[in-house]
Structures are given as C-alpha cells and as structure tokens.
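Read the figures in this text as sums done on the coordinates, not as results from a lab. Note that this is a predicted model, so its numbers are computed, not measured. All Cβ positions, glycine included, derive from the backbone under ideal geometry; neighbour counts span all protein chains shown.
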Amino acid sequence: MAKKTENKELGFGTKTSTQKSRLINKDGSFNVERTEISKWNSISMYHALVSMPWRKFNMIVFIYFMAINLFFATLYYFTGINGLNGIEATTEGGKFLEGFFFSTQTFSTVGFGRISPMSNLSSSIAAVESLVGLLGFALATGLLYGRFSRPVARIMFSENCIIAPFKEGKAFQFRLANKMRNSQITDMSCRITVALLENENGVMIRRFRPLELEVKNIIFFPMTWTINHPIDENSPLFGMNEKDMKEADLEFMISLNGFDDTFSQNVATRYSYTHEELIYGAKWISVFGTNKNGQTSQDLNKLSVYEKYAF
C-alpha cells in the first residue's frame, strides 16, 4: 500500500482530535471558538455589515433609523418643543410624536414644510441632524453597493455524499450545481480533505488526508458536477466498511474555487459532509433529460436523489 501523506497546510492541526462536532459548518464557516484579547479589535464593522444575512442587515438599518430619530425627537422635546413652529398636538405624547416625525423629515432631508425650527437651539439641532442624515445615507449607500457588488459563489450541494460503485470498486461521491441562472462560473477547481481518527500507539489522533479526485478541474460549469474520489489502494478510505467509517468520525472538507464571469473575479466557497451525512451503498439518480426542442435539460430538484445499492 502506498504511504499516506498528511496535508499539513489545512490549518486545524491535531488539537481538534477530541472535538465531536464538525470542523466546517454548513454555511462554510469554521466551527472553532475564539477568545480574543480585545473583542472590539477583532471586529470589522464593514465586513460584518456586508457579509451578514439580509434579514439581519435590514433589521440593523431599521433599528438605527428608529434610534437616531428617537434621540433627536427627545432633544427637540426637552429643549423646548415650542421651538418648532407648526406643532398642532395638545397632549405631551402628541407633541413628542410630531417632534419624532419632524426628525424623520429632517434626517431624510424630505422636509414637508408644516413644521419648521423657530429658535436658534432647535435650528442648531436640525442642522446637526441634517449632517448626520447625509452621512448616514452615504454610508448606507456604500454598504448596499458593497453587498450587491460582492461576488459570491452560490453553489448547490447534494444533501448527502455517497459511497457508490465505480468501475471494479467503490468511490466517494457528491454532486453540486451552480444556483445562479444568470451568472456563469468557469475554471472550477475542487479540493477535498478528509478528517479521520487514526489509532496511533493506542491513542486516537485526528489526521487530515487529501483525497485524489478523478476530475479536479473543469473549464465550464453549465451543468451539474459529480465529484468522484476512487477508493483504491492509495485512498485513505481503502479497506474501510460502513462501520469503520462511522468509528473514524469522518468529515469531508471541501474547497471550491472558480472565476465569476459577471464580476470578473475569483470566487470561493467551503462545505463539509460528516459521516452522518454519508450514505454507504448508493447510486445517484440522473438529473438529465431532453426537452421538446432537443436540448439537454437538467432537473436540480433531483440533485440529492439517490437509490440504494448493495455491494
């Protein structure tokens, strides 16, 4: 049997030998807890706002908008609501509410005109708020542009990976496809490293072994791609049955890189499968067909569909 080589550049080392959970989360982030010397120094506000989910980003923008206007409405109210001309409310709550709506008009530079600052103090507060509003909208515009212009490889992975029949033996396989209909990725490359527990002198040590792929690079990516690792005598999985794979606590860590034609930039993504997502003895159901015009068609709803196969 050929000597196994360890991928020393992976970055996890042997310190994760006792970790029971996966090393790479389903969203591609690393499942490693960090304790910072200074939590604030480790935070990039721009990166966090550009990369966070849209729902969270929209919520932050809404909270900021409400908070800043409540702050200035409070200033108008306690520095003398009579400094605003056009207030028609008679109750204190109504006056504060009208001050809040005047703040939103000033912040957004809309200015409907019924309410206007009358004293020097309220005019000064309105001037400061206008400046804050202009800066806020400039920052929001930059963040929105950054979020929309950031190239992201939206790759669809099959829900499971499988051990499938291949030639005279077996192979580790999974499937992937490009989610983006209007964005093409070229020069795709894939690298897979398997993390597994190995018994060394009676001690279970987590090792990282690279998997050789039948095809590791493709020029075009218009269709699904089945990643295939033949399990031969050079494979770290050689000779392992379903029970062995479970006891070895396998995790297949995947790194994909490609070139996005739309943004003319390289894109990358990460993914992983654990032994719990590995189906031992299965074959993929074909996603391909032919439409009425004779074109090759593919049904991505079948990307994760397989049938059992007995070795």
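Numbers below:
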item: Among T224, T290, T104: highest mean-square fluctuation, GNM of the chain, C-alpha pairs under 10 Å; result: T290
item: Entry for Rg/Rh (Cα atoms, Kirkwood Rh) (calculated from the structure that is shown) out of (1) 1.18; (2) 1.07; (3) 1.05; result: (1)
item: Nearest-0.05 FRET efficiency for F62 and N120, computed from C-beta distance (R0 45 Å); result: 0.90
item: Cβ-placed point charges (K, R +1; D, E -1), dipole of the chain about Cα centre in debye, nearest 20; result: 220 debye
item: Set of region 106-127 residues, backbone N closer than 18 Å to the point 7 Å along the Cα-Cβ line of N85; result: 106, 111-127
item: 15 Å reach of a label modelled at M45, 7 Å along Cα-to-Cβ, counting backbone N of region 140-172; result: 140-144
item: Over 23 Å between alpha carbons, listed pairs K243/K302; K216/K246; K170/K246; K246/K302; K170/K216; result: K243/K302; K216/K246; K246/K302
item: Three-way shape call for region 266-311 based on the alpha-carbon gyration tensor, with the a/c threshold at 1.5; result: oblate
item: Peptides ranked, highest mean first, by Cβ atoms within 10 Å: ranges 86-96, 106-116, 267-277, 292-302; result: 267-277, 106-116, 86-96, 292-302
item: Among Q265, M59, I218 the positive-end extreme of the charge dipole of the chain (Cβ point charges); result: I218
item: With Cα atoms, 0 to 90° folded angle of helix 54-78 axis to the chain main axis; result: 20 degrees
item: Distance in nm between pseudo-label sites at V110 and Y309 (7 Å out along the Cβ direction from Cα); result: 6.2 nm
item: Nearest-ten-degree value, helix 92-107 long axis tilted from longest Cα axis of the chain; result: 70 degrees
item: Using alpha-carbon coordinates, inclination of helix 120-149 to the longest axis of the chain, degrees; result: 20 degrees
item: Which of V305, P151, A127, positive extreme of dipole for the chain (C-beta unit charges); result: V305
item: Amide hydrogen neighbours beyond the local backbone of L250, cut-off 5 Å, H modeled; result: H275
